[in-house]
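What follows is a single structure, written as structure tokens, with notes after it.
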Amino acid sequence: MKEIAIGILAVVMSIVVMGGCSKPEKIITSFADAKNTLSKKLTSVGDLKDRRIGVLLGSAQERFATKTYPTATILRYKSLSDIVLAVKSGKADAGLYDELPLREIVRNDNELGMVDKSLFSIPIGIGFNKNSEELREKFNQFLREIKQNGVYDDMVDRWVNKGSTNMPEISKDNLNGVLVIGIVGDLGYPFTVFKDGKFIGYEIELSTRFAAYIGKEPKLADMEFGSMIAALASRKIDMIACSLFITEERKKQINFSDAYFEAGTYIIALKRNIAVHGATTSAKNTSLSFLEGVAQSFQINLVQEKRYLLILDGLKTTVIISILAALLGTSLGGLVCFMRMSERKVINLPAKVYISVLRGTPLLVVLMLIYYVVFASVDIDPILATIIAFAINFAAYVAEIFRTGIEGVEKGQAEAGIALGFTHFKTFIYIVLPQTVRRILPVYKGEFISLVKMTSIVGYIAVQDLTKASDIIRSRTFDALFPLIMVAVLYFLISWLLLQSLEHVELITDPKFKRRKVKIEL
């Protein structure tokens, strides 16, 4: 029956594609192609050619896949959870990642399986800045000591062999200074995971022990994997601890410690697409009602391991960035607008250039330049850098909004104000500005909402906002629906509440509202 079905499908496809072509040899060829396409399953690493392969952006797997499978479609994602969701939703045929996190995923998800053969195996080390040779040597000495005294073996046994999720207490006495450690919060178990309001894992313990060894307070900087080397080069972090493969290409940019682990890269795919699993995948429990499913998702994504703390911290960060960036950007936009409307070229030309450059540059690029270039030698809080970057970008749009609104007010009204004895400043404040505010508020509100939504990119510089919080949660639960819907609702609520404030301003500046209010009072 299966062969007959494939044959019928092939004939139909042939007729549609060839416009009813009746040449037998073309139909036979289409039949063979359809059969191969529909029945071929992953049996070895060679089967990845011509497939859609999900990889982590900037990883060794990305370079391997690009070089080894030139005819494949390489899909680059920023986290393991995104790779897994792409595979589960059919957006990718397979994913490539480190062995241990994948085995943990497969153990907890009955839909997924692994092709039981490593693509390649590479040692993992800690990354250091080229000018931090002393710190690198201290880590190598620390690594040799814990290997000799049994601490290293105990860590591997607990995290790798036994699957422990308990972080031991590490002495923090006599600490002097801070060691900033770059991590990827959604890297995957056993290296880095989030539990009970804090990050735990093999690499977290290793880094924390090293910080205590050199008498420093460990400070974890959770950022995107693709931003790690840039952050290290600009000294925003002191070391990288995120299962970083030691490769010759990376050695040109950073220095590595001695290897502390060796990881293999494996293929993950849906079991039904892997030959060894066939159709043995057992069905998920679908007996839960809708409300029971929601309750279960709420428990897993928020209550379990105190994951709601991530959402609360992310919510606070998003609100702070949105409000402060809007206030600073509006003030700066007013200044740029004043310069733009000046008749002196020495003043308006820089404003024109500023507006053109900022409006033509993606906000993510502006954010990266501000943090990694402008403040490269400054120990600045990532949140403050984010507020500055967003405010600078927002100001360029606000300046043009202000200019359009001011120019929309008839010049005769300003001239009338001067004729009545008002100064230029008072004329602007009492006559021009109120009308400008009414004109620009609808457009300003749209730009403000865009600003709020764009805060979702701040994870690139180790700012844990709402989006980053959902990424970390998804890395543990691999629930695509609930975390994303939850974050979407929270973004909507933030935008709606802030929008209500602006609508109140719009209302009180409306002359009709003022007249109605006076009539009511009378």
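Give the stretch 87-145 a look and list any residue that's among the small types (Gly, Ala, Ser), more than 17 Å from residue 480 (Cα to Cα) and within 22 Å of the chain's Cα centre (by Cα), or say none.
So the first thing to find is which residues in the stretch 87-145 are among the small types (Gly, Ala, Ser), and the list is 89-90, 92, 94-95, 113, 118, 121, 125, 127, 132.
Next cut, more than 17 Å from residue 480 (Cα to Cα) only: 94, 113, 118, 121, 125, 127, 132.
Selection gives 94, 127.
Checking 88, 117, 130 one by one, the residue that is in contact (Cβ under 8 Å) with a residue 40 or more places away in the chain and not assigned by TED's automatic domain parsing to the domain that holds residue 58 is 130 and no other. For the stretch 274-289, the condition of being outside the structural domain of residue 184 (by TED's automatic domain parsing), in a helix (DSSP H, G or I), among the small types (Gly, Ala, Ser) and modelled with pLDDT under 90 holds for none of the residues. Cβ-Cβ distances below 9 Å connect the following pairs, each with a first residue in the stretch 440-453 that is over 17 Å from residue 386 (Cα atoms), a second residue that is in a helix (DSSP H, G or I) and among the polar types (S, T, N, Q), and a separation of six or more residues or different chains: 440/404; 443/404; 444/330.
The condition (being among the hydrophobic types (A, V, I, L, M, F, W, C), farther than 30 Å from residue 53 by Cβ and buried (at least 20 other Cβ atoms within 10 Å of the Cβ)) is satisfied by just one residue among 167, 114, 155: 155. Within the stretch 336-373, the set of residues being hydrophobic (A, V, I, L, M, F, W, C) and without any contact (Cβ under 8 Å) to a residue 40 or more places away in the chain comprises 338, 339, 346, 347, 349, 353, 357, 358, 365, 366, 369, 370. In the stretch 174-191, the qualifying residues are those that are hydrophobic (A, V, I, L, M, F, W, C) and within 18 Å of residue 212 (Cβ to Cβ), and the one that is surrounded by the fewest Cβ atoms within 10 Å (Cβ to Cβ) is 178. The residues on offer are 441, 433, and the sole one that is in contact with a Leu (Cβ under 8 Å, 6 or more places away or on another chain), of a type in the set (A, V, I, L, M) and assigned by TED's automatic domain parsing to the domain that holds residue 502 is 441. I need every pair where a residue in the stretch 133-147 that is in contact (Cβ under 8 Å) with a residue 40 or more places away in the chain and assigned to a helix (DSSP H, G or I) has its Cβ under 7 Å from the Cβ of a residue that is among the acidic types (Asp, Glu) and surrounded by fewer than 18 Cβ atoms within 10 Å (Cβ to Cβ), sequence separation at least 6 or different chains. Partner pairs satisfying both residue conditions: 140/258; 143/258.
Say whether the condition of being under 25 Å from residue 58 (Cβ atoms), touching a Leu at 6+ places or on another chain (Cβ under 9 Å) and at pLDDT 90 or above is met by at least one residue in the stretch 391-414. There is at least one residue in the stretch 391-414 that is under 25 Å from residue 58 (Cβ atoms), touching a Leu at 6+ places or on another chain (Cβ under 9 Å) and at pLDDT 90 or above. Taken across the stretch 390-412, residues that are in contact with a His (Cβ under 9 Å, 6 or more places away or on another chain) and of a type in the set (A, V, I, L, M) do not occur at all. Scanning the stretch 455-463 for any residue that is modelled with pLDDT of 85 or more and surrounded by fewer than 20 Cβ atoms within 10 Å (Cβ to Cβ) turns up at least one such residue.
Within the set 377, 322, 342, the sole residue that is touching a helix residue (DSSP H, G or I) at 6+ places or on another chain (Cβ under 6 Å), polar (S, T, N, Q) and not in a helix (DSSP H, G or I) turns out to be 342.
The values are calculated or read from the model by the stated rules, or taken from the named source; none is laboratory data. Worth saying up front: this structure is predicted, and the values here are computed from it rather than measured. Every residue, glycine as well, gets a Cβ built from its backbone with ideal geometry; the counts of neighbours run over all protein chains shown.
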